[in-house]
Amino acid sequence: MNISPLRSAEKIFYTICLAALVVGSCADFFDIAWGTGVWLGELSPGWAVIFAAYCVFCLAFLAVIAFVIWRDKAYLAAVNKVISLRNQMGALRWLSAILIFIFPIWLFQFMVWGIVFEGLFIRSLLWLIVLLLVAVLITDGAKLATWTNFLVTLILTASAFSIAASLKFVTGYPFSLGWSEGNRLWDYSIMFGRDRYDYPADKEIFVLLEQGRQFVGGIPFLFNGINIKGVRAWVSLLTVWPYLLLGLVSFRPASKERKLWVVLALWTYLFLKQGPIHPPLVFSATLTALAWGSSLWFSIPLLVLAGYFANISRYTWIFAPAIWIFLLEFSGASLDKNGKLGMNTRLRAVTLFCFGLFGSILLPMLIQWFQTGQLTGNIAEGLSLSPGGVQEQVTRQALLWYRLFPNPTYGIGIIFGLLLAAGPLAYFLFYLVRDKRWKMNVLQVLAILLPLLAFLGVGLVVSTKIGGGGDLHNMDMLLIGLYFSMVIAWVKGGGDWLETINAGPGWIKLLIVISLVIPALGPLREMRSYDLGEKASWLVVLTDAPNEKSLEMYPSQEVIDNALDSIQTEVDLARGQDEILFLDQRQLLTFGFITDVPLVPDYDKKVLIERALASERSYFNGFYKDLQEDRFSLIVTQSLSTSKKGSEYEFGEENDAWVKWISRPLLCYYEIKQTLAEVNVQLLVPRQDAVDCSKKLP
């Protein structure tokens with residue numbers, strides 16, 4: 001077998017990386033063992049032995065690997081032995097590869113050890129071992145592992161971690177899983193499932209969610225018997241399959257090579273999930289990608305639909321499909337022998353650009369004007385994208401520029417987060433252009449750079465608006481634009497070059513690996529179970545959690561049933577007096593956990609915080625008037641706090657706005673009758689004693 005020894009640079013790099021992971025994993029294990037007793041510091045005798053044994057094993061493992069790497073004869077002998085053993089396994093190696101592949105998902109997502117071993121170094125070390133073993137097992141012949149198989153395994157494992165993490169909240173737990181998760185499920189139900197509520201059919205129900213997002217999220221409610229677990233499964237899957245569909249459509253030239261096609265779709269998912277990006281925009285991008293290169297008679301209606309769907313989903317997306325199709329058609333076209341684009345190419349790009357604008361601006365105007373005789377909602381907002389309109393939209397809420405940099409809300413900050421997510425791909429594209437592996441003229445380069453810079457500017461500004469800046473989802477148009485640039489590069493020669501990259505420079509291969517590792521690190525840490533409440537006291541000790549509640553486990557079924565019974569009892573008592581407001585937890589009505597309650601659509605918590613962030617006093621005057629007049633005999637809300645936090649805390653300004661405009665006035669006019677702390681619910685009733693709340697109002 002013709003196996004070559006490793007180069008010195010490779011030996012140094014592999015040794016340093018492995019040493020860092022081993023030492024880091026030992027530190028992670030120490031954090032687990034520490035606090036279990038008082039025998040040696042805060043170590044119990046049992047965990048001290050386990051920790052010592054783990055460290056000895058890891059260091060021995062590092063020493064053996066280092067010895068093999070640095071001794072060429074030992075390395076060649078070990079490699080040949082592994083190849084021989086693998087080739088003797090026959091079909092059994094594929095079964096072994098599958099079992100090894102799913103092991104970390106099973107361990108972290110479904111077992112108690114996923115909560116204990118939450119350290120990034122421990123998980124990364126296990127991932128590396130799995131990655132190498134699978135890559136070796138799926139390689140044929142006289143090679144230990146090929147670069148292609150390593151890359152494919154890296155993409156497959158990274159994608160599997162991300163998909164598993166996306167599905168971790170698929171549960172039948174009746175209460176909200178996040179600040180607004182429950183009420184968002186209520187939003188989704190209105191378009192196709194409003195008959196679930198006791199509310200007059202001739203009255204409109206206002207939902208603070210655009211039609212496009214309502215439509216996508218509301219599809220499960222077309223099925224009458226859908227339950228909360230089924231809807232959560234759909235919502236979770238919406239964070240997976242739209243990206244895969246976009247990848248399959250964008251890279252359809254690779255469809256003849258099925259394995260490559262699937263791998264490219266998975267890469268699409270990994271890259272764009274870093275936003276994450278709302279599904280409606282991904283669908284608009286998919287329609288745009290399908291229009292690229294197709295006949296005009298097919299492309300035009302696709303662009304019109306893409307533009308229209310973007311418009312009814314979010315007004316800031318109005319121009320995106322038109323710009324994307326121009327980028328694809330203009331920069332993705334082939335040059336003639338003089339390095340210029342033909343007139344037909346230019347006309348086609350401009351034509352599709354115009355039809356994209358027609359779908360996003362003119363068609364919605366025509367439809368709405370025909371239906372109502374006026375322009376409202378997203379259409380009016382879209383028309384406000386004049387300089388004055390843009391200024392009004394931007395300054396309507398406070399801009400928190402510090403969130404572009406490291407901060408408590410988004411640790412690494414928007415700018416550095418964007419560099420991590422998109423920097424490797426951006427530099428890789430620059431490398432392809434610089435080395436003339438992707439040939440474009442100046443106009444084609446500008447057709448890519450100018451839209452990307454525009455998307456960057458919009459994304460940075462929107463990310464600083466109060467209420468945002470917690471992730472990169474406002475960089476959605478930029479990330480998709482950069483992704484489309486990569487698709488063009490792949491079609492125009494980059495794909496052929498990637499197939500021969502094994503002979504290319506090592507730093508480029510390292511850059512590719514880094515670009516795949518980064519989007520997987522978050523999901524790798526996020527995989528865990530929430531159904532282990534019976535082991536919470538044991539887990540508190542091992543994880544150094546301050547208390548059982550901080551582990552965020554679902555309560556026991558007994559606690560859940562008692563909480564639902566308490567809410568239903570109070571609802572029954574309050575019914576017939578005045579209205580009952582579910583300010584929070586509206587999904588309890590959606591899925592019938594609480595029954596016989598006429599719906600009050602006013603004052604959804606997301607609407608309240610939106611108005612609070614914009615300091616809309618006129619809106620709250622009506623809210624306070626209703627509170628003062630005891631319009632509601634019972635209010636169901638989250639546990640309320642009146643403490644302000646400031647920018648030193650995660651979403652501190654948002655918390656302070658909630659306290660100022662909602663919590664303090666609510667707790668002045670109403671009093672707490674019952675707190676169900678395990679499910680984060682409070683039940684409020686009008687105060688019996690008269691209180692002057694004028695000083696509590698903003």
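The values are calculated or read from the model by the stated rules, or taken from the named source; none is laboratory data. In this text the structure is predicted, and so the values were computed from the model without any measurement. Every residue, glycine among them, receives a Cβ derived from its backbone with ideal geometry; neighbour counts consider all protein chains shown.
Among the residues examined, Leu640 qualifies as over 21 Å from Glu210 (Cβ atoms), out of contact with any Asp or Glu (no Cβ under 7 Å at 6 or more places or on another chain) and surrounded by 15 or more Cβ atoms within 10 Å (Cβ to Cβ). All conditions but one from (1) assigned to a helix (DSSP H, G or I); (2) modelled with pLDDT of 90 or more apply to Gln371; the one that does not is (2).
Within segment 646-666, can one find any residue that is of a type in the set (Val, Ile, Thr) and not in a loop (DSSP other than H, G, I, E, B)? Checked segment 646-666: at least one residue is of a type in the set (Val, Ile, Thr) and not in a loop (DSSP other than H, G, I, E, B).
Does Leu634 satisfy being of a type outside the set (Ser, Thr, Tyr) and part of a helix (DSSP H, G or I)? No; evaluated as a whole, the condition is false for this residue. Cβ separations smaller than 9 Å between residues 6+ apart or across chains give the following pairs from segment 76-98 residues that are farther than 23 Å from Thr157 by Cα to residues that are of a type in the set (Ser, Thr, Tyr): Leu76/Ser4. Of the residues making up segment 580-596, at least one is more than 33 Å from the chain's Cα centre (by Cα), outside the structural domain of Phe51 (by TED's automatic domain parsing) and not in a loop (DSSP other than H, G, I, E, B).
Find all pairs meeting these conditions: Cβ atoms under 6 angstrom apart; at least six residues apart or on different chains; first residue within segment 683-698 and without any contact (Cβ under 8 Å) to a residue 40 or more places away in the chain and farther than 18 Å from Ser615 by Cβ; second residue of a type outside the set (Lys, Arg) and surrounded by fewer than 17 Cβ atoms within 10 Å (Cβ to Cβ). If the second residue must be of a type outside the set (Lys, Arg) and surrounded by fewer than 17 Cβ atoms within 10 Å (Cβ to Cβ), the pairs left are Arg687/Glu671. Does Val491 count as at pLDDT below 95, in a helix (DSSP H, G or I) and touching a Pro at 6+ places or on another chain (Cβ under 7 Å)? Yes, satisfied. When the helices (runs of 4 or more DSSP H) confined to segment 30-119 are screened for residues that are over 35 Å from the mean Cα position of the chain (by Cα) and surrounded by 14 or more Cβ atoms within 10 Å (Cβ to Cβ), those reaching at least 3 such residues are found at 45-70, 72-89.
Does segment 381-399 include one or more residues that are modelled with pLDDT under 95 and in contact with a Ser or Thr (Cβ under 6 Å, 6 or more places away or on another chain)?
Of the residues in segment 381-399, the ones modelled with pLDDT under 95 are 381-399.
Remaining after also requiring in contact with a Ser or Thr (Cβ under 6 Å, 6 or more places away or on another chain): 399.
Scanning segment 381-399 turns up at least one residue that is modelled with pLDDT under 95 and in contact with a Ser or Thr (Cβ under 6 Å, 6 or more places away or on another chain).
For segment 394-441, the set of residues classified as of a type in the set (D, E, K, R), part of a loop (DSSP other than H, G, I, E, B) and either surrounded by 15 or more Cβ atoms within 10 Å (Cβ to Cβ) or in the same structural domain as Glu610 (by TED's automatic domain parsing) (or both) consists of Arg437 only.
Only one residue in Ala66, Ala78, Ala74 is within 30 Å of Phe30 (Cβ to Cβ) and of a type in the set (A, V, I, L, M), so which one is that?
Working: Ala78 fails: within 30 Å of Phe30 (Cβ to Cβ); Ala74 fails: within 30 Å of Phe30 (Cβ to Cβ).
Ala66 is the lone residue from the list that is within 30 Å of Phe30 (Cβ to Cβ) and of a type in the set (A, V, I, L, M).
Which residue out of Leu542, Leu516, Leu573, Leu521 is part of a helix (DSSP H, G or I), modelled with pLDDT under 85, not assigned by TED's automatic domain parsing to the domain that holds Thr36 and not acidic (Asp, Glu)? Explain how you work it out, then say what you get.
Values: Leu516 fails: modelled with pLDDT under 85; Leu573 fails: modelled with pLDDT under 85; Leu521 fails: modelled with pLDDT under 85.
After ruling out the rest, the residue left standing is Leu542.
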